[in-house]
Amino acid sequence: MMDRFRMIFQYFQSNSESVMNGICGLLALASIKIYTCFDFSCPCLPWYNLAYGLGIMFVPPITLFVCGLILNRQYLVMLEEWRRPQGQRKKDLAVIRYMCFSIMQRAMVAPVVWIVVTLLDGKCLICAFSSSVDPEKFVGLANVSPVQVQQLLAKVPCKDDELMRNNTSRKAVSRYLRCWSQALGWSILLILIVAVFLARWLRPCFNQATLLQARHWSNYIDIEQKIFEETCCEHSRLFAHKCILHFFKSMRQEIKLHSFSLPRQGEGAEGGEDLLQGITDQDQVNKLLKMWYYEKPPLDISQVTQRHALGQERSSLPWADSPSTQSKFLQHTDV
């Protein structure tokens, strides 16, 4: 069982889209759970019912939408890609549009679930629009003065109120508004299902190459940012290790007085210099990060691979490392 959970966890770690889909599902479930646990109590006042009902219906979805954007790592990646300077790499607006659409699509799941659930339940719409119902449609409210009608309609959501406890008009108005609320909720749900169906069904009719390219390069930008951050962390660890070793070597006498064990002369040096790549002070690190932001390298590794292959070919020659061969080569070149 633990191995299965470990495999699932590693899959979510390696797949950014799966993580985002999981977060969207959790936010959608959280929105349903929050609504069911929420103690809905309409104020039953003519001027406050509308604000309270619409506030409960639309303020939490906005909060869930913002949370969906914050929790989505690709949102920050998209903003960085959109706002970064041109540098040596051109910006692809198709990739940015694809990332924006996928982010908005995932962030809208939880708000839409909240709105549909509130409409199917009907309490918010009854509270918001109970004072806006035409009293002539109901027999019990036809012969009542306008002031009393407004007070009675505002009390419709409060079934435990003394004025509405045995009033048959309250049940009629409540059923009427709940019917409209549920009809609107099911209509929105049907429209969403049809839209998703049409999007899936009509996708093969459009150019798949453009979509495939946009998806590929959006994943590349995400992976590139992750690898850059991991490389920076590795460099920071090695940089800190070198600084600490230098500090302990400079304080050798004090360390001996306190009976601390000193590191060996060559400990930690193997492989560290290669990973540091000659970047050994703060100014160089800051310059590297600044160049990464302003002048990202072009998406062309052909020169790097050619240079690497040429270096391997030269190193594989039997006379490449011979001092006599090098001296002869220098003599010929000097001529």
The local net charge around Ala94, scoring Lys/Arg +1 and Asp/Glu -1 for residues other than Ala94 whose Cβ lies under 15 Å from its Cβ, equals +3
The ratio Rg/Rh over the Cα atoms of segment 35-85, Rh being the Kirkwood inverse mean 1/r radius, stands at 1.27
Result for segment 34-176: accessible area per residue, probe 1.4 angstrom, in square angstrom, of 58 Å²
Quick calc of log₁₀ I(q)/I(0), segment 33-118, Debye, one scatterer on every Cα, no solvent, q values 0.12, 0.14, 0.15, 0.23 1/Å, result -0.53, -0.63, -0.68, -1.08
Highest mean packing first, using Cβ neighbours within 10 angstrom, the peptides 211-221, 32-42, 101-111 sort as 101-111, 211-221, 32-42
Percent of all Cα-Cα pairs per 10 Å bin for segment 109-248, counting from 0 up to the last occupied bin, reads 10, 21, 15, 13, 11, 12, 11, 5, 2, 0
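The values are calculated or read from the model by the stated rules, or taken from the named source; none is laboratory data. A quick note: this is a predicted structure, and the numbers were derived from the prediction, not measured. Glycine also receives a Cβ, built like all others from the backbone with ideal geometry; neighbour counts cover every protein chain displayed. Only protein heavy atoms, including side chains, enter the accessible area calculation; ligands, DNA and RNA are left aside. Shrake-Rupley method; radii C 1.70, N 1.55, O 1.52, S 1.80 Å.
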